[in-house]
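Report on one structure; see the data block that follows.
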Amino acid sequence: MLRNRTALVLLTALAPAVWGSTYFVTTEFLPPDRPLLAGVLRALPAGILLVLLTRKLPKGSWWWKSLVLGALNIGVFFALLFVAAYRLPGGVAATVGSVQPLLVAGLSAGLLGQRLTLRTLLAAVTGIAGVALLVLRADARLDVLGVAAALGGAVVMATGVVLSKRWVSPAPLLATTGWQLVAGGLLLTPVALLVEGPPPSSLTGENLLGYGYLTLIGAAVAYVLWFRGIKALSPTEVTFLGLLSPLVATVLGWALLGQQLTPLQLLGGLLALAAVALAQLRPGGGAKGGSRTVAGSAPAAAQMPAPAPTR
């Protein structure tokens, strides 16, 4: 049982690890200044592919639920991420976004009845500190709209993660993931056309390779793993794995782009990993007596097994 759970956590962790490579792929393979186009081509073709493979369309309430989840997890999230990326240094945006595990913990307590523990709060604060040391720079400038967009992105993604757990789809995982990717891509398309204009008239082989990677690996594979993790694990456990994204991005920048790593960044990386590990500990499986409860208790409905996810 423990081995199965460990394997599930590691497979789910592959999703944010893949997303951590997005910065490298975007800067090295894609046309400049087209992040929204990258979002559309990342989500929409992958969603269509999964829907064609499963040949299943939403039924009943899942038409609007897919639209809501697609907007939260993909469409609106990507748009807010675009605003934050353009108005803030990457380190500030990543640090603000690292509050997402804390938001998921709070929403899970309110919507799913899951316990909010001191261990979770400690892991969340450790994760925020780790990401800040890893990517934040002393000369970073703040922009009110940019900070609001980054915080809004964390809020909508956190809400999407919790609702993905609350709304259990009767359809196969590939179909449910495909519906969300299609919905998110369709919502993002008019925004991309309005802000960035039509796609470039010509694309190089490198551009096509980059877009293909984002579509097949960064979306089709990664989101299936992500939503599978959300269904089988608690949203809090899953969302802490998102801290791996800035860690992987930093490591790739050092290994492939020649960027320097300082001792403080190394400390930040260790703190981020410690937060991820701390969040995966189960009550009774770590320190004696488990974690002290801060608020709420999990009702039976919140502990029902779910069928075997995002950012």
(message) Which residue is farthest from Leu270 (Cα to Cα), if the candidates are limited to segment 110-120 and must be open to solvent by 40 Å² or more (accessible area, probe 1.4 Å) and touching a strand residue (DSSP E or B) at 6+ places or on another chain (Cβ under 7 Å)?
(response) Arg115
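Residue-wise test of (1) modelled with pLDDT under 95; (2) part of a helix (DSSP H, G or I); (3) on the phi > 0 side of the Ramachandran plot; (4) surrounded by fewer than 19 Cβ atoms within 10 Å (Cβ to Cβ).
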| site | (1), (2), (3), (4) |
| --- | --- |
| Leu163 | no, yes, no, no |
| Val168 | yes, no, no, yes |
| Trp179 | no, yes, no, no |
| Ala183 | no, yes, no, no |
| Val195 | yes, yes, no, yes |
| Leu208 | no, yes, no, yes |
| Gly212 | no, yes, no, yes |
| Leu225 | no, yes, no, no |
(message) Considering only segment 49-61, I want to know if a residue exists there that is among the small types (Gly, Ala, Ser) and either in a helix (DSSP H, G or I) or surrounded by 17 or more Cβ atoms within 10 Å (Cβ to Cβ) (or both).
(response) no
(request) Tell me which residues, restricted to segment 23-41, are touching a helix residue (DSSP H, G or I) at 6+ places or on another chain (Cβ under 7 Å), of a type outside the set (A, V, I, L, M, F, W, C), part of a helix (DSSP H, G or I) and open to solvent by 30 Å² or more (accessible area, probe 1.4 Å). (result) Tyr23, Thr26, Pro35
(message) Kindly evaluate Leu261 against the criterion of being closer than 26 Å to Arg137 by Cα, of a type in the set (A, V, I, L, M, F, W, C), open to solvent by 60 Å² or more (accessible area, probe 1.4 Å) and modelled with pLDDT under 95.
(response) no
(message) Suppose we keep only residues that are farther than 13 Å from Val238 by Cβ and touching a strand residue (DSSP E or B) at 6+ places or on another chain (Cβ under 9 Å) within segment 95-109. Which one would you say is surrounded by the most Cβ atoms within 10 Å (Cβ to Cβ)?
(response) Ala109
(request) Could you check Leu134 against (1) under 23 Å from Gly184 (Cβ atoms); (2) open to solvent by less than 30 Å² (accessible area, probe 1.4 Å) and say which number it fails? (result) (1)
(request) Take the residues in segment 81-93 that are surrounded by fewer than 23 Cβ atoms within 10 Å (Cβ to Cβ) and among the small types (Gly, Ala, Ser), then tell me which one is nearest to Val144 (Cα to Cα). (result) Ala85
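The values are calculated or read from the model by the stated rules, or taken from the named source; none is laboratory data. This structure is a prediction, so every number in the text was calculated from the model and none was measured. A quick note on method: Cβ atoms are made from the backbone with ideal geometry, for glycine too, and the neighbour counts reach across all protein chains shown. Note: areas computed on protein heavy atoms with side chains; ligands, DNA, RNA excluded. Shrake-Rupley method; radii C 1.70, N 1.55, O 1.52, S 1.80 Å.
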